[in-house]
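Here is the structure we will look at, set down as structure tokens.
The values are calculated or read from the model by the stated rules, or taken from the named source; none is laboratory data. Note that this is a predicted model, so its numbers are computed, not measured. Cβ placement follows ideal geometry from the backbone for every residue including glycine, while neighbour counts extend to all protein chains displayed.
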Amino acid sequence: MNIFRLAGDMTHLFSVLVLLLKIHTIKSCAGISLKTQELYAIVFTTRYLDLFTTYISLYNTIMKLIFLGSSISIVWYMRHHKVVRRSYDKDQDTFRHYLLMLPCLLLALLINEKFTFLEVMWAFSLYLEAVAILPQLVLLQRTRNIDNLTGQYVLLLGAYRALYVLNWIYRYFTEENYVHWITWVSGIVQTLLYADFFYYYFQSWKNNVKLQLPA
Amino acid sequence: TKESAGKDEL
């Protein structure tokens, strides 16, 4: 495993920890999109079906279980926890996320590495992950006051994606036969979606003002 | 293996 991959996984892990910290200690999910969290729960459930079929490493298995467990429990907290759910910005979080799933499924049926159930689900999870952040970005734009934890959560998620792109470049040059077009294209699309957010985040950080996205 | 390279990522 190279340093970019490890750093990518760690930023992903930190993003989840930041979100859990916000939910557990502050008992708030203000500014967090339930739609995006539901999409992530679906992304990890469909991608990690290979937990039952292929063993890669203990690290891999543990990380998969963490991402599965955390994404599902975050959805549960936002929907059912009696305190946390009250802070959910339901009226602002109106992205019709189910509409993203059908095109992703159709694309996965058409473009996959092999036409098997696991491979189609795997491709579906990559396409869906690429667009899963959209409801969150829309919600950020609508929320006038973005708190620090929410800003850091999205920043860490974006950093995780950018580090994965560096990891692919590194692997392409150091490993033989390492070519994964589906992962790369959907991963680059996903990273580009963060570009705008990065820009405003660093502007606000540089000028030492509160993060606000233009309407 | 070649086939599963890439599937080792999260």
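Of the residues A:V84, A:V43, A:V75, only one is modelled with pLDDT of 95 or more and touching a Phe, Trp or Tyr at 6+ places or on another chain (Cβ under 8 Å); which? Spell out how you get there, then give the answer.
Values: A:V43 fails: touching a Phe, Trp or Tyr at 6+ places or on another chain (Cβ under 8 Å); A:V75 fails: touching a Phe, Trp or Tyr at 6+ places or on another chain (Cβ under 8 Å).
Within the list A:V84, A:V43, A:V75, the selection yields A:V84.
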Is it true that some residue in segment A:190-198 is within 14 Å of chain B (Cβ to nearest Cβ) and part of a helix (DSSP H, G or I)? yes
Output for segment A:131-144, where each listed residue is in a helix (DSSP H, G or I) and over 29 Å from A:D50 (Cβ atoms): A:L137, A:V138, A:L139, A:L140, A:Q141, A:R142
Top-ranked residue in segment A:166-189 [being surrounded by 17 or more Cβ atoms within 10 Å (Cβ to Cβ) and within 20 Å of the chain's Cα centre (by Cα); ranked as farthest from the other protein chains (Cβ to nearest Cβ)]: A:S186
Filter segment A:124-182 down to the residues that are among the polar types (S, T, N, Q) and touching a helix residue (DSSP H, G or I) at 6+ places or on another chain (Cβ under 6 Å) and list them by number. A:S125, A:Q136, A:Q152, A:N167
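Across segment A:59-99, which residue is farthest from A:L134 (Cα to Cα) among those that are part of a helix (DSSP H, G or I) and of a type in the set (F, W, Y)? Reasoning before the result, please.
Of the residues in segment A:59-99, the ones part of a helix (DSSP H, G or I) are A:59-80, A:84-87, A:98-99.
Okay, now just the ones that are also of a type in the set (F, W, Y), so A:59, A:67, A:76-77, A:98.
Working: A:Y59: 29, A:F67: 19, A:W76: 20, A:Y77: 21, A:Y98: 12 Å.
Only one residue tops the list, namely A:Y59.
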By residue number, the members of segment A:17-64 that are away from chain B (no Cβ under 14 Å) and among the β-branched types (V, I, T) are A:V18, A:I23, A:T25, A:I26, A:I32, A:T36, A:I42
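With A:L128, A:L105 as the choices, which residue is at pLDDT 95 or above, assigned to a helix (DSSP H, G or I) and more than 17 Å from the chain's Cα centre (by Cα)?
Working: A:L128 fails: more than 17 Å from the chain's Cα centre (by Cα).
Just one listed residue meets the conditions, A:L105.
If you scan segment A:8-26, which residues turn out to be under 14 Å from A:V75 (Cα atoms) and in contact with a helix residue (DSSP H, G or I) (Cβ under 7 Å, 6 or more places away or on another chain)? Don't jump to the end; show me each part of the working.
Let us first name the residues in segment A:8-26 that are under 14 Å from A:V75 (Cα atoms), namely A:16, A:19-20, A:22-24.
Those that are under 14 Å from A:V75 (Cα atoms) and in contact with a helix residue (DSSP H, G or I) (Cβ under 7 Å, 6 or more places away or on another chain): A:V16, A:L19, A:L20, A:K22, A:I23.
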How many residues, within segment A:43-62, are touching a residue at least 12 places away in the same chain (Cβ under 8 Å) and crowded, with 17+ Cβ neighbours inside 10 Å? 6
Any chance segment A:160-173 includes a residue that's farther than 21 Å from A:L6 by Cβ and touching a residue at least 60 places away in the same chain (Cβ under 8 Å)? no
Hey, A:D93 hits all of (1) surrounded by fewer than 17 Cβ atoms within 10 Å (Cβ to Cβ); (2) touching a Pro at 6+ places or on another chain (Cβ under 8 Å) but one; which does it fall short on? (1)
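Kindly provide the set of residues from segment A:19-34 that are surrounded by 20 or more Cβ atoms within 10 Å (Cβ to Cβ) and in a helix (DSSP H, G or I), ordered by number. Walk me through it before giving the result.
Going through segment A:19-34, the residues surrounded by 20 or more Cβ atoms within 10 Å (Cβ to Cβ) turn out to be A:19, A:22-23, A:29, A:31-34.
Selection gives A:L19, A:K22, A:I23, A:L34.
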Checked segment A:106-120 for anything surrounded by 16 or more Cβ atoms within 10 Å (Cβ to Cβ) and closer than 17 Å to A:V185 by Cα; matches are A:L107, A:A108, A:N112, A:E113, A:E119, A:V120
Looking at this structure, is A:S70 modelled with pLDDT of 95 or more, in contact with a Leu (Cβ under 7 Å, 6 or more places away or on another chain) and either at positive phi or within 14 Å of another protein chain (Cβ to nearest Cβ) (or both)? yes
